[in-house]
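For reference, the structure discussed in these notes is given below.
The values are calculated or read from the model by the stated rules, or taken from the named source; none is laboratory data. This structure is a prediction, so every number in the text was calculated from the model and none was measured. Every residue, glycine as well, gets a Cβ built from its backbone with ideal geometry; the counts of neighbours run over all protein chains shown. SASA here: full protein model, heavy atoms, side chains in, ligands and nucleic acids out. Shrake-Rupley method; radii C 1.70, N 1.55, O 1.52, S 1.80 Å.
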Amino acid sequence: MDENELNEQRASLYWWFATLLTKELDKEKLAHYFSGEGVALLTQLGTEPKFEQAVAQIKAALVTIMAIKQPSLELAADFSQLFLTDAKKGAPPYASVYLSETGQLFEKPHHEMLDIFKQQGLMIDPDFKEPADHIAIQLDYLGNLIMKEDENSQQAQTDFIEHQLLSWLSTFVSATQKVNNSGFYQGICQLLLLFVEQDLNELNA
Amino acid sequence: MIQIIKRFWHIASKPSVHLSFGFLTIGGFLAGIIFWGGFNTALEVTNTEKFCIGCHEMADNVYVELQETVHWQNRSGVRATCPDCHVPHNWSDKIARKMQASKEVWATVFGTVNTREKFLAKRGELAQHEWDRFSANNSMECKNCHNYESMDFEIMSERAQVQMKMAAERDQSCVDCHKGIAHNLPDNMNSGEGTLSKLEEMATSGYKAGNSYYSVRQLPLFTDETMTTEAGQLNAATKVTVLAVEGDAIQVELDVWRKTKGFGRVMFEDFAMNINDGYLTKEVAQSDDYMNKGETKIDDLTGLPWQKVEVKLWARNGSLTESRDTLWTFAKSTYDTSCSVCHTQPAENHFDTNTWPGMFNGMLSFVNLDGDTQALVLKYLQKHSSDFSDEAH
Amino acid sequence: MSISRRSFLKGLLASSGAALVGPGLLQVAHAATTEVAGTWKVSGSHWGAFRARVYAGKVQEIKAFEVDKYPTDMLNGIKGIIYSPSRIRYPMVRYEWYLNREKSDTTKRGDNRFIRVTWDEAITLFHSELERMQTQYGPWAIHAGSTGWRSTGQVHSCGNHMARAIAMHGYTVNKVGDYSTGAGQTIMPYVLGTTEVYAQGTSWPLILKNSKTIVLWGNDLVKNLQVGWNCETHESFEYLEQLKEKIANKEIRVISVDPVGTKTQDYLKSEHRYINPQTDVPFMLAIAHTLYKENLYDKKFIETYALGFEDFLPYLLGETKDKVEKTPEWAETICGIKADDIREFARTIVKERTQIMVGWSIQRQQHGEQPYWMAAVLATMLGQIGLPGGGISYAHHYSSVGVSSTGAAGPGGFPRNPDKPQNRIHKNKDFNGYSSTIPVARWVDSILEPGKKIQANGATITLPDIKMMVFSGCNPWHHHQDRNNMKKAFHKLETVVSVDFTWTATCRFSDIVLPACTQWERNDLDLYGSYSARGIIAMQKLVDPLFQSKTDFEIFTLLARKLGQEHDYTRGKSEMQWVEKLYNDCVEANKAGFKMPDFKTFWKEGFVDFGKGKDWTRQAAFREDPEINALGTPSGFIEIFSRKIDRYGYKECQGHPMWFEKSERSHGGPGSDKHPIWLQSCHPNKRLHSQMCDSQQFRETYTVKGREPIYLNPQDAKQRGIKDGDLVRVFNDRGQLLAGAVVSDNFSEGVARIEEGAWYAPVDESIGSMCTYGDPNTLTQDIPTSELAQATSANTCQVQYEKFTGKVPAVTAFSGPTEVG
């Protein structure tokens, strides 16, 4: 496995997390996690000892959901409960909520992301209509950063992970833990945190 | 550009009366802008009446018409000259007006109104131009002599009092109502814009004695066919029977009720129904010459005595229609549009006839309806109120 | 980076990837923007006009519009509305309802999970429910009679959009009246010939020049003039400042008749005439008695301008059924004002020019028609109606009434009625024997007791069997009374649809919730000064609609598209074309009197100034000629006795104003042994009803331990061991709430205040659960004022309170869709 291939895989994983945290899984997409590629991916991830527990939680949640009449709806309700409510009840996926004094949206982290995009000549898909410090946007950007052919890329990745992502990721992930439902997204978030930490270690090593 | 200015300047400096005023005005005007100091002087010259009637379009048309009016000859001996009304007294507006006047003078040059016929054909447009200006400056020139503050309402006729006070409250532009006061009106006035003309369009003509008609708007009433003495006012959408047609005048009969508390001036369509049909002057209301009195009944819901009267008075030959249907269609659409800005308008039959005036008054602060339309819409609502509606509500 | 250290990634995505990874969220930007510090834009609101600096797509800073010399500090709450955590971000549907539709467990309403749906699905659901109602039931099953204070802006006025789109689909139940002035607007046409409550009043300069005494009857000008129906100008405050000076110079006396010390009184440093709550009528009757007995009243005025005084006198003199003469001594025992003080008050107001200004609070109580009517009788006896600085008004506290009107026309609105009613999809007008229009406050009764017949304003109303409610920019879970009763009613509803920008309790108790954007995320225009018509203000969009929210215009255009009538809905015009059209129509309407710039110039400059109007005296025309300028009453005169009302035969609103004991009253009145404290729920000082309660930082400037304040009398508080800043449990047999104590001398013994509009935040969905934030309508009773108006009686409310000692529950409001528990 060469460097390029490796980076493709890293980027793909960030994009995978971004996809899961962008919107609810429809019936078709969810099916991949009952049998098929999703299962394979989770199984593979589960072989890494650090990830074992998180993957187990995700798998257990999938089993629970599978037993429900309309699994994708149940999971959509979980998603909503976690990410579409506010900080009191759920875990809004925006850095501003955890990093700003007021706990409101569109605060400094949002502007920092906008500044980054401006420098890079990027913009958020106008149909997505979310603040720039949404977790999915950050992960999407990180994936792009990894794929960028640039000798300073590694440093940029480290900086981004340290300053933009890990500054709030663990608070966000603990916020998801207080919500009681199937546990699928809590598992995904936990896995994300562990992956980012691991990845940073590798980058720094 | 320099060339053009030079040319204008050259022409304007010639003291020739034969040259078109168009050139003089424009030339003088531009020169004034360039040589600022000379400007006021030039303006003063063009402000005199002599200047205005220097062209025959003015002298032969509007100037002779003016001489027939009270603005030419009156008891006070004060005469209004052309620039009193047509050139703004306010300095800055003067300039704007001069610019506009140039168009009319240009027309002279190109000969578009050089005959009476051509002038009459163009009068509507020219008049509208002036009316717009009066509208925009709130009839400032009129108010130099006639202002609301110094009006003595007491010595006005009652009809005038009502109208003038309403106008005074809104500081209304005089020319809104007093068009054609110094010159003849354009023919075909009714094809213009505005509610009044919309209403007038609904009027029919060729009224026959013995038939019944409805007024399309509020109309003045007179004591006899000479139409010199006011007798009151007919309300919009009011039923009258034409008794006689005498040229410009028609004699009408109103079959109405009135309350006898007070002077009995206000006429209502039916017993105990506050549907206004108009009002009479004090003199007419208290005279037996214009009405036959019928039965008197007490309205149980107010305790007031009501009297049936047949009133015979004169009105101008016009502004009547055979059926109220078109008036109601207009009223309904006005009500549905104007009265739904703040909230869903109540259904017509949600209130009874005598509740509607109170409810309608409450809404009036929020809509922009002129007097005729207000009267018409209120009558429409009353005539479609729960008293007249079979529909369960 | 070595391969071995990344062993766990080996072969990870060899077979997967494409199926699991969605499309990217980032694009290459088209062009770099050059903004540095941002752009200043102008907009308006109920709280006034302002300029806002927008930078990087965010509102950074707000400052009052320079024409407004007395801006309210509520402008500080505007940013918090836009960026509130309570914003509705996506179309949401109650999960349980989504699964089971009309068979959903409605007892779980308010405590259920929501799922996000696409706009397309949300509109499809909304439409299919309307369709189901019309086909399965009929027009009587849908109530879409939104009421209340929308956001400002004439193009996007939410009620108009909802009404137009829904009317294009079919007929629905409608309402008459409103929650603020229901009793007043119904009784006053019988008495003074217009609704009075929304009428222009005598201009302030004439009052300042002519009045010797001003009586503020239950009327807090300084508090209530902060907000306006259209964009507020705050021009009245200039006159209040002058009034303050005249009071200091002893040129004018201002007396507040009120159970509480008001903000106005604190500001003006004026006099307070304390009165027991809900006892205005006995006080007024005793004043009338004094005027009559001491022969001080204006007989000639009554003779010329009024009817029925002789039919009222026997009641005043104790010659009717009740055999009670309405003497000051009799009144003293009820209203708590000494008999001699009552006489002195009567002599004061009749002696010189007196302007009586009545507020709306005294008609928001049981028999609320009576004090309004009786105040008009008093003013008639004083004989000053129609004189500058004399007579009576019922609206000087509202939207700068009393600032003279320029007479300019304001912009119209987006048309509320369909252009082609004949194209309505469902033409069925059969209401199945039910009434198609109900008094506004009786919709909960309709749900709970369909088919019940009630009397209302001379008609018999059969309450319809409502199955579906549609709300837009409307929060009945704030403005209606008795939450626990409402919960029962909502258990009976099959479907509830809400359109709003913020998660009000109404949204949380709904099934389909559609996110509108705020008024600052759209282009619009508004009248500057509801009554003064001071000008036209541009409402330039500050930022694009946040998240997936849309303008009301867009939302209901989507519904119209479902009906196949998109073009008939929009008339083929875009938002900006509508703004321009309304402006140009306004230019046309003002052609006769006011020069207005072309649209482009207006939009750039943001404001057209019509200047100041001319002073005006209310009822002067009537006074001058009562025959030609007759009032809109049945007789055309002031009706002290209304034969029309008398003939209705109602028990609680008879032929003339009367004193009726209340179902609950403090100071020895019914129910005061068990619940001794009168709870006043007046209009808030720091909100517009429930609007701006979601503005977090601004809310925190007035809350106590995160709860809505309850204003308490020092003795009452002390007796209960409560200190300023304590949490208080307030309760009666209808409900309970938590509030934060503010102890103040402005509140007399037996009197407490919680301002209405505090968001409802129950511990859970069960009936009787405690409101954790302090919504006073958890405690109020849902009873009509009388058979006449059937209006709300929020101010007839007795409570008890105690220091809260248990485990403090978190505030459940100001959250997105979530279980409240």
* **Protection proxy ranking, peptides C:173-183, C:106-116, average beta carbon neighbours within 10 Å, highest first** => C:173-183, C:106-116
* Asked: So what's Rg/Rh here for the range A:3-204, counting alpha carbon atoms and using the Kirkwood radius for Rh?
  -> 0.95
* Could you tell me how many degrees, from 0 to 90 and to the nearest 10, lie between the Cα long axis of helix C:280-293 and the main elongation axis, the longest principal axis, of the Cα atoms of chain C? => 20 degrees
* Structure fact -> Interchain or sequence-distant (5+) residues whose placed amide H lies within less than 5 Å of the amide H of C:Gln60 are C:Arg53, C:Val54, C:Tyr55
* **Considering only the protein assembly as shown, percent of DSSP beta bridges that pair antiparallel, nearest 5** => 65 percent
* Structure fact -> A:Gly38 neighbourhood, Cβ < 11 Å, K/R = +1, D/E = -1, net charge +1
* Structure fact -> For the range B:192-289 the trypsin sites (Lys or Arg not before Pro) that pass both the DSSP coil test and the at-most-13 other-Cβ-within-10 Å test are B:Lys208
* Asked: Taking +1 at the Cβ of each Lys and Arg and -1 at the Cβ of each Asp and Glu, which of B:Trp328, C:Leu317, A:Leu73 sits farthest along the dipole of the protein assembly as shown towards its positive end, judged by Cα position relative to the Cα centre?
  -> C:Leu317
* List the residues of the range C:635-669 whose accessible area drops by at least 30 Å² when all protein chains are present, compared with their chain alone, using a 1.4 Å probe and counting only protein heavy atoms. => C:Ser635, C:Phe637, C:Arg643, C:Lys644, C:Arg647
* **Lys pairs under 27 Å by Cα in the range B:243-335, provided they are eight or more residues apart or on distinct chains** => 18
* Degrees between helix C:552-562 axis and first principal axis of chain C (Cα, 0 to 90, nearest 10) -> 60 degrees
* Calculated [θ] (222 nm, deg cm²/dmol) that DSSP helices of n ≥ 4 give over chain C, each run adding -39,500 (n - 2.57) -> -7500 deg cm²/dmol
* **Local net charge near B:Tyr213, Cβ-Cβ under 9 Å (Lys/Arg +1, Asp/Glu -1)** => 0
* To do: Within the set of other residues whose C-beta is less than 12 Å from the C-beta of B:Thr115, count the net charge using Lys and Arg as +1 and Asp and Glu as -1.
  => 0
* Taking the Cα centre of the protein assembly as shown as origin and charging only Cβ (+1 Lys, Arg; -1 Asp, Glu), how large is the dipole, in debye to the nearest 20? -> 740 debye
* To do: Show which lysines lie in cross-link reach of C:Lys541 when reach means a straight Cα distance below 21 angstrom and same-chain residues fewer than eight apart are skipped.
  => A:Lys129, C:Lys41, C:Lys58, C:Lys63, C:Lys79, C:Lys550, C:Lys573, C:Lys581, C:Lys600, C:Lys604
* To do: May I ask for the angle, rounded to the nearest 10°, between helix C:182-191 and the longest principal axis of chain C, with both axes built from Cα atoms and the value confined to 0 to 90°?
  => 40 degrees
* For the protein assembly as shown, what class follows from the C-alpha gyration tensor (a ≥ b ≥ c being the square roots of its eigenvalues): rounded when a/c is under 1.5, otherwise prolate if a/b is larger than b/c, else oblate? -> oblate
* **the range B:207-321 shape via C-alpha gyration tensor axes, a/c threshold 1.5** => prolate
* Ignoring the sites themselves, what is the longest stretch of chain A with no GluC sites (Glu not before Pro) in a DSSP loop and at most 13 other beta-carbon atoms within 10 Å? -> A:1-100
* Asked: In the range C:291-370, what GluC sites (Glu not before Pro) fall in a loop by DSSP, with at most 16 other Cβ atoms inside 10 Å?
  -> C:Glu294, C:Glu319, C:Glu325, C:Glu352
* Structure fact -> Unit-weight point scatterers at every alpha-carbon of chain C, Debye formula, q = 0.06, 0.08 1/Å: log10 I(q)/I(0) is -0.40, -0.71
